[in-house]
Amino acid sequence: MKQKVKLKVGTYEKALEYQRIGNRAVRQAQEENHRLGLPNIYSRNGKIIYEMPDGKIIVKDSAENENEKSSAKLLEMARNARKEISDGKSEPMDFEKL
């Protein structure tokens, strides 16, 4: 039987602080994506979920995607578009055709 290691209260407090910092960074990135007209893209239970800037949710089975490369390509395109928009080189993209 394994013994449970008791951690100091300070260790738990630091872990909570890091979690709060991470959660805040994620929320800020999500808000920035929407401000730039980009979707937030997630993967849950084998499904690709697109959270559109207008609040619309699009769910696709991984099988609906041609292959993993097409998903990776879409993510790369979104990242590139985000950079171009933030650099002032492009206007927000229309993702309604997903």
message: Which residue is farthest from E76 (Cα to Cα), if the candidates are limited to region 21-65 and must be at pLDDT 90 or above and of a type in the set (D, E, K, R)?
response: R24
message: Among the numbered criteria (1) among the hydroxyl-bearing types (S, T, Y); (2) exposed (fewer than 12 other Cβ atoms within 10 Å of the Cβ); (3) at pLDDT below 80, which one does S86 miss?
response: (2)
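The values are calculated or read from the model by the stated rules, or taken from the named source; none is laboratory data. What you are looking at is a predicted structure, and each value in this text was computed from that prediction instead of being measured. With ideal geometry, Cβ positions are generated from the backbone for all residues, glycine too; neighbour counts draw on all protein chains shown.
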